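A short reminder: the numbers here are calculations on the coordinates, not readings from a lab. On a predicted model such as this, the values are computed, not experimentally measured, just so you know. So basically every Cβ, Gly included, is an ideal-geometry build from the backbone, and we count neighbours across all protein chains shown.
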Amino acid sequence: MPSRRQVIITGGARGIGFGIATAMLNAGYDVTATGLSAEEVAAVPPNRHLSAVRLDVTRPESIADVLARFDELAALVNCAGVLFRDGSEYDISTFQKVIDVNLTGTMRVCLAARPKLAAARGAIVNTASMLSFFGGPLVPAYTASKGGVMQLTKALAVAWAPDGIRVNAIAPGWIETELTRNIIADEARSSVILGRTPLNRWGEPADIGGAVVFLCSEAARFITGAILPIDGGYAAT
């Protein structure tokens with residue numbers, strides 16, 4: 001039998017990232033899901049085709065250690081990210097931290113993985129956001145970083161097409177994760193969100209996974225530089 005394709009999912013140990021990891025596993029990939037802490041890594045259920053390792057996308061040596069495991073990669077999914085809703089993103093040091101993880105961290109991993117992706121003519125899927133399109137007044141750094149991820153995706157798609165590397169991004173909407181638990185519990189805020197979402201429900205991490213599998217597959221072989229909203233129609237209203 002042919003060997004299974006290899007994918008790394010940064011931030012894949014929880015939330016949207018773990019939903020993607022599960023979908024990629026079910027699609028026949030050997031999945032390496034990364035988490036920042038030992039606790040995140042330890043929480044990933046054991047599976048012979050799913051491994052969990054620590055990765056700090058702000059540290060080049062950490063990225064190099066993870067990538068050293070692979071000769072080639074069929075896919076890279078950049079899902080590691082942070083945000084702060086307490087107003088601290090207006091502090092310049094916090095602003096810089098968010099940019100360093102969400103935007104520069106994505107670029108670091110893409111650059112380091114490029115030779116291994118080229119060897120397999122692989123695909124990259126970055127994680128943008130609905131805030132790549134809209135302003136987020138409470139999270140200026142997150143908004144700026146996700147706008148940057150959208151444009152970075154387009155730039156790399158053009159630059160790396162000669163290597164056979166396709167580069168696309170997903171733009172999740174309101175997804176039920178640990179980061180949104182407090183908003184979901186706030187009936188008034190949740191009602192406003194659902195009122196603008198044509199499909200009238202919160203998304204689930206599993207809703208994101210299928211789109212990522214598609215973008216990494218041969219079915220999407222003529223798609224690069226695309227930003228795919230996965231938001232229940234939120235951006236259409």
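Brief remarks follow.
- Using only alpha-carbon positions in the range 1-129, the gyration tensor eigenvalues give semi-axes of 25, 16, 12 Å once each is multiplied by 5 and square-rooted (largest first).
- The residues neighbouring residue 176, those whose beta-carbon lies less than 11 Å from its own, together hold a net charge of -1 under the Lys/Arg +1, Asp/Glu -1 convention.
- Radius 14 Å from Cβ of residue 59, net charge of other residues (Lys, Arg +1; Asp, Glu -1): -1
- The fraction of all Cα pairs in the chain landing in successive 10 Å bins from 0 to the largest distance is 8, 33, 39, 17, 3, 0, given as whole percents.
- Within the range 81-187, the chymotrypsin sites (Phe, Trp or Tyr not before Pro) that combine a DSSP coil assignment with at most 15 other C-beta atoms in a 10 angstrom radius are 134.
- Descending principal axes extents, the range 129-237, alpha-carbon based, whole Å: 50, 29, 26
- Cα-based shape type of the range 70-172, given that a ≥ b ≥ c are square roots of the gyration tensor eigenvalues and the cut on a/c is 1.5: prolate
- Computed [θ] at 222 nm, helices only, for the chain once each DSSP H run of length n ≥ 4 contributes -39500 (n - 2.57): -12500 deg cm²/dmol
- Of the GluC sites (Glu not before Pro) found in the range 1-93, those that fall in a DSSP loop while having at most 15 other beta-carbon atoms within 10 Å are 72.
- Structural size metrics of the range 112-168, computed from C-alpha coordinates, are Rg and Dmax of 13.3, 42 Å.
- Each Cα pair under 8 Å and six or more residues apart adds its sequence gap; the mean of these over the residue count of the chain is a relative contact order of 21 percent.
- Annotation for the range 14-80 versus the range 106-173: alpha-carbon center distance of 17 Å.
- Exposure here means at most 15 other Cβ atoms within 10 Å; with trypsin sites (Lys or Arg not before Pro) in a DSSP loop as sites, the longest stretch of the chain lacking them is 122-200.
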